[in-house]
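Participant: Structure in structure tokens, see below.
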Number of protein chains: 2
Amino acid sequence: MKLGPGREFDRIRALLQRLGPDADQIGDDCSVVPDGPGSLVISADLAVEGIHFRREWLSLEEIGWRAAAAALSDLAAEGARAVGLMASLGVPAEAAEDAAADVMGGVHAAVGAVGGCVLGGDLSRSDQWIVGITVLGRAVRPVTRAGARPGDQLWVTGTLGASRAGLAALLRGETPPPAAREAFARPKPRIASGLALARAGATALLDLSDGLGGDAGHLAAASSLGLHIQLLQLPVAGPVLVEATRAGVPPAVFAALGGEDYELLAALPSSFGPADAAAMQRETGVALTLIGECRAGSGVQLRLGQDAIALPGFDHFA
Amino acid sequence: MKLGPGREFDRIRALLQRLGPDADQIGDDCSVVPDGPGSLVISADLAVEGIHFRREWLSLEEIGWRAAAAALSDLAAEGARAVGLMASLGVPAEAAEDAAADVMGGVHAAVGAVGGCVLGGDLSRSDQWIVGITVLGRAVRPVTRAGARPGDQLWVTGTLGASRAGLAALLRGETPPPAAREAFARPKPRIASGLALARAGATALLDLSDGLGGDAGHLAAASSLGLHIQLLQLPVAGPVLVEATRAGVPPAVFAALGGEDYELLAALPSSFGPADAAAMQRETGVALTLIGECRAGSGVQLRLGQDAIALPGFDHFA
């Protein structure tokens, strides 16, 4: 849609050019969301410079990708496919003329990688970089955190701890190994795994944004039962070994405390077995690992072999 | 939905209590959006402390109301009814424990006043107060800015300039007259007027967030025609007179430069007459005033009586 005159709108025009054909519908008071099968689901995520990332750790494209991926991960955790997202950027006064377009380029790439598009957004000045993302998806059967039953088994996608390993190196001012940096800077929302898990009958699903240690507690609380997890079964990411040794903790404990992996934790009926997991891995390209089970009770019991372990989650207001 | 343990989640629990029964669905990775007739439309708006408001001008509830109302106004400008919104708050470290809940209370009141609900959101630390709102609505026939035709007439809802009059007093450190303060602090999104204008056959519709001077240019550009507006016909708000005199400009010019009134500018076929406007005013309780017309050409021509007038709009990046 054609915009009126003005320097602000020149900026918006430059920014929309990065979005290609996606942008043709943008510029009106609202964007129209395409119809589709299933329920519409929505989630919002705010990424703030100095809280969720530091400017010197990430390129502008990575700031956009990372914020969008974190929000898209919530769609994966609902068993939804991605329709699109709204992106609101707060841009510091000292940023270069095309910095907002660079951030939006990363947002666009992240949502495009899972088959969605940028539906619209807003632009403002602010002291810090701010990337506010609201994602829209569709789910034939939205899978909440609340449906797990005693006897269900707990599975986790991918590997855990690489993002935390990358963060640990960045906090020391070092360059992380490539796999750790990639996990931190360009996490992959597990949309395909979420859809496959929903189809396979997942009774509860959430994404590990704050780490298994903290997020498992939400699944337990919402489903009103207890989770029993064996940390030795955790699929620990390669870059964890060096960092865990440096920190003097077992690799599985380091991985369980690692936020921002954006892997999925799923409760599945016990009829779902290793052959089903192998088939899903072939379909999605993402591993699926059995790590524990649901029992009557409450809270999360973590064991490392025979030892009971207590882990804090990540708390923004601690 | 039951949340897990942790201080962050204690805060979220306190905040959700302010939302009453709305909040029962909140706490999962996504919120499910209710089905309904018509197209789903969406818009996002970012309000940043120091850019869109100053903390000392507004109560926390008003900060929330104002940010939500600004975003809801985009639904009015699409001829849509409100379904609900997602609210992402950035909260300064020095804010009181229940400050975020106070802001969310204002958001809740604003969306409730137009029949919608809070669907979900996010919470983060930040240097400034940030209120990121994404609104969802439904429109049987979404009215864009792009459909005006030569011969259509231009109508505006309510009165203009009161919010700017309030802002002018606040910038001097004075207390604005009550009507001016109310217009600035608690603007009313014109959802009912937008629905009525869409039903009456509006060919183009937008909200005056940046002032008639700037926003009229967007309608002209999107519809590929020229707008001719007679400023002497503008419905000037009462509080404008004192401020315009102080500024040494005609009241209509002061009002046309006033952003954040969130009134609607509509193009309607010439068959829509004064009797139709009077009937709509009785239905919605909001005045409708004829201020000009659409002609072949481009841009916006403003006249004050016989004199041509050039006005800048508000530009965030000027």
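Participant: Does B:Ala87 qualify as being free of Cβ contacts under 8 Å to residues at least 60 places away in the same chain and surrounded by fewer than 20 Cβ atoms within 10 Å (Cβ to Cβ)?
Facilitator: No: the conditions fail for B:Ala87.
Participant: Moving on to the next point. Tell me whether segment B:215-238 contains one or more residues that are more than 13 Å from chain A (Cβ to nearest Cβ), assigned to a loop (DSSP other than H, G, I, E, B) and surrounded by fewer than 21 Cβ atoms within 10 Å (Cβ to Cβ). Can you show your working first?
Facilitator: From segment B:215-238, those more than 13 Å from chain A (Cβ to nearest Cβ) are B:228-238; that's our starting set.
Then drop every residue that is not assigned to a loop (DSSP other than H, G, I, E, B), which leaves B:234-235, B:237-238.
Okay, now just the ones that are also surrounded by fewer than 21 Cβ atoms within 10 Å (Cβ to Cβ), so B:235, B:238.
For segment B:215-238, residues more than 13 Å from chain A (Cβ to nearest Cβ), assigned to a loop (DSSP other than H, G, I, E, B) and surrounded by fewer than 21 Cβ atoms within 10 Å (Cβ to Cβ): present.
Participant: Then there is this: Give the residue that is farthest from the other protein chains (Cβ to nearest Cβ), with candidates limited to residues of segment A:125-144 that are in a loop (DSSP other than H, G, I, E, B) and under 30 Å from B:Pro92 (Cα atoms). Before the answer, list the steps.
Facilitator: Kept after step one, since they are in a loop (DSSP other than H, G, I, E, B), are these residues of segment A:125-144: A:126-129, A:140-144.
Still in the list and also under 30 Å from B:Pro92 (Cα atoms): A:126-129.
Working: A:Ser126: 5, A:Asp127: 5, A:Gln128: 6, A:Trp129: 10 Å.
It comes out as A:Trp129.
Participant: Then there's this: Kindly indicate the residue of segment A:169-194 that is in contact with a Gly (Cβ under 7 Å, 6 or more places away or on another chain) and surrounded by fewer than 23 Cβ atoms within 10 Å (Cβ to Cβ) and also nearest to the other protein chains (Cβ to nearest Cβ) among those meeting that condition.
Facilitator: Filtering first and then ranking leaves A:Arg181.
Participant: Now, a different point. Confirm whether A:Val111 is buried (at least 23 other Cβ atoms within 10 Å of the Cβ), β-branched (Val, Ile, Thr) and within 26 Å of A:Arg190 (Cβ to Cβ). Don't jump to the end; show me each part of the working.
Facilitator: Numbers: buried (at least 23 other Cβ atoms within 10 Å of the Cβ): yes; β-branched (Val, Ile, Thr): yes; within 26 Å of A:Arg190 (Cβ to Cβ): yes.
The answer is yes for A:Val111.
Participant: Answer with yes or no whether A:Leu197 is part of a strand (DSSP E or B) and surrounded by 21 or more Cβ atoms within 10 Å (Cβ to Cβ).
Facilitator: no
Participant: Quick one: would you say B:Val32 is under 24 Å from the mean Cα position of the chain (by Cα) and facing chain A (nearest Cβ under 10 Å)? Let's see the steps before the verdict.
Facilitator: Values: under 24 Å from the mean Cα position of the chain (by Cα): no; facing chain A (nearest Cβ under 10 Å): yes.
In short, no.
Participant: Just checking, which of A:Glu49, A:Glu62, A:Glu56 is more than 20 Å from B:Gly132 (Cα to Cα), buried (at least 19 other Cβ atoms within 10 Å of the Cβ) and not hydrophobic (A, V, I, L, M, F, W, C)? Outline the logic, then answer.
Facilitator: Details: A:Glu49 fails: more than 20 Å from B:Gly132 (Cα to Cα); A:Glu56 fails: buried (at least 19 other Cβ atoms within 10 Å of the Cβ).
On inspection, the qualifying residue turns out to be A:Glu62.
Participant: A further question follows. Test of understanding: among A:Arg141, A:Arg149, A:Arg145, which residue is touching a residue at least 40 places away in the same chain (Cβ under 8 Å), of a type in the set (D, E, K, R) and surrounded by 23 or more Cβ atoms within 10 Å (Cβ to Cβ)? Give the derivation first.
Facilitator: Values: A:Arg141 fails: surrounded by 23 or more Cβ atoms within 10 Å (Cβ to Cβ); A:Arg149 fails: surrounded by 23 or more Cβ atoms within 10 Å (Cβ to Cβ).
From the options A:Arg141, A:Arg149, A:Arg145, the qualifying one is A:Arg145.
Participant: Just give me the residues in segment B:108-119 being in a loop (DSSP other than H, G, I, E, B) and in contact with a helix residue (DSSP H, G or I) (Cβ under 7 Å, 6 or more places away or on another chain), in sequence order. Working first, answer last.
Facilitator: We begin by selecting, within segment B:108-119, every residue in a loop (DSSP other than H, G, I, E, B); these are B:114-116.
Correct list: B:Val114 only.
Participant: Oh, and also: Scan A:Leu268, A:Leu257 and give me the residue that is buried (at least 18 other Cβ atoms within 10 Å of the Cβ) and closer than 23 Å to A:Pro150 by Cα.
Facilitator: On the way: A:Leu257 fails: closer than 23 Å to A:Pro150 by Cα.
Checking each option against the conditions leaves just A:Leu268.
Participant: Here's something else I'd like to know. Just wondering, is there one or more residues in segment A:3-26 that are in contact (Cβ under 8 Å) with a residue 12 or more places away in the chain, more than 27 Å from B:Arg138 (Cα to Cα) and under 15 Å from the mean Cα position of the chain (by Cα)?
Facilitator: no
Participant: Which condition does B:Arg66 not pass, out of (1) assigned to a loop (DSSP other than H, G, I, E, B); (2) at pLDDT 95 or above; (3) of a type in the set (Lys, Arg), if it passes all the others?
Facilitator: For B:Arg66, the exception is condition (1).
Participant: Also, I was wondering about something else. I'm trying to understand the selection: among the residues of segment B:39-69, which are more than 10 Å from chain A (Cβ to nearest Cβ) and in contact with a strand residue (DSSP E or B) (Cβ under 8 Å, 6 or more places away or on another chain)?
Facilitator: Restricting attention to segment B:39-69, the residues satisfying the condition of being more than 10 Å from chain A (Cβ to nearest Cβ) are B:53-69.
B:Phe53, B:Arg55, B:Ile63, B:Gly64, B:Arg66, B:Ala67, B:Ala68, listed by residue number.
Participant: Could you look through segment A:19-31, keep only residues that are in contact with a Leu (Cβ under 7 Å, 6 or more places away or on another chain) and either hydrophobic (A, V, I, L, M, F, W, C) or buried (at least 23 other Cβ atoms within 10 Å of the Cβ) (or both), and pick out the one that is farthest from A:Val111 (Cα to Cα)? Don't jump to the end; show me each part of the working.
Facilitator: Here is the first cut: in segment A:19-31, the ones in contact with a Leu (Cβ under 7 Å, 6 or more places away or on another chain) are A:23, A:26-27, A:29-31.
Subsequent filtering for residues that are either hydrophobic (A, V, I, L, M, F, W, C) or buried (at least 23 other Cβ atoms within 10 Å of the Cβ) (or both) retains A:23, A:26, A:29-31.
On the way: A:Ala23: 14, A:Ile26: 16, A:Asp29: 22, A:Cys30: 19, A:Ser31: 16 Å.
Here the residue is A:Asp29.
Participant: Do the conditions hold for B:Glu97, that is, is it in contact (Cβ under 8 Å) with a residue 24 or more places away in the chain and either closer than 30 Å to A:Phe53 by Cβ or assigned to a strand (DSSP E or B) (or both)?
Facilitator: On the way: in contact (Cβ under 8 Å) with a residue 24 or more places away in the chain: yes; either closer than 30 Å to A:Phe53 by Cβ or assigned to a strand (DSSP E or B) (or both): yes.
Considered against the rule, which asks whether it is in contact (Cβ under 8 Å) with a residue 24 or more places away in the chain and either closer than 30 Å to A:Phe53 by Cβ or assigned to a strand (DSSP E or B) (or both), B:Glu97 comes out as yes.
Participant: Under the condition of being touching a Ser or Thr at 6+ places or on another chain (Cβ under 8 Å) and within 11 Å of another protein chain (Cβ to nearest Cβ), which residue from segment B:195-214 is farthest from B:Ala67 (Cα to Cα)?
Facilitator: B:Ala204
Participant: Looking only at segment A:2-18, which residues are within 7 Å of chain B (Cβ to nearest Cβ), at pLDDT 80 or above and surrounded by fewer than 17 Cβ atoms within 10 Å (Cβ to Cβ)? Steps first, please.
Facilitator: Step one: filter segment A:2-18 for residues within 7 Å of chain B (Cβ to nearest Cβ), giving A:2-8, A:11.
The next check asks that each one be at pLDDT 80 or above; those that pass are A:2-3.
Passing the criteria: only A:Lys2.
Participant: Let me ask another. Quick one: which residue in B:Asp122, B:Asp74 is facing chain A (nearest Cβ under 9 Å), part of a helix (DSSP H, G or I) and in contact with a Gly (Cβ under 9 Å, 6 or more places away or on another chain)? Give the derivation first.
Facilitator: Values: B:Asp122 fails: part of a helix (DSSP H, G or I).
It is B:Asp74.
Participant: When only residues in segment B:115-137 that are touching a Pro at 6+ places or on another chain (Cβ under 7 Å) and buried (at least 21 other Cβ atoms within 10 Å of the Cβ) count, which is nearest to B:Ala192 (Cα to Cα)?
Facilitator: B:Trp129
Participant: OK, next. Do you know which of the residues in segment B:159-168 that are small (Gly, Ala, Ser) and out of contact with any strand residue (DSSP E or B) (no Cβ under 8 Å at 6 or more places or on another chain) is surrounded by the fewest Cβ atoms within 10 Å (Cβ to Cβ)?
Facilitator: Of all residues in segment B:159-168, those small (Gly, Ala, Ser) come to B:161-163, B:165-166, B:168.
Still in the list and also out of contact with any strand residue (DSSP E or B) (no Cβ under 8 Å at 6 or more places or on another chain): B:162-163, B:165-166, B:168.
Details: B:Ala162: 29, B:Ser163: 27, B:Ala165: 31, B:Gly166: 27, B:Ala168: 23.
Looking at the filtered set, the residue picked out is B:Ala168.
The values are calculated or read from the model by the stated rules, or taken from the named source; none is laboratory data. In this text the structure is predicted, and so the values were computed from the model without any measurement. When we count neighbours, we look across all protein chains shown, and the Cβ atoms used for this are built from the backbone with ideal geometry, even at glycine.
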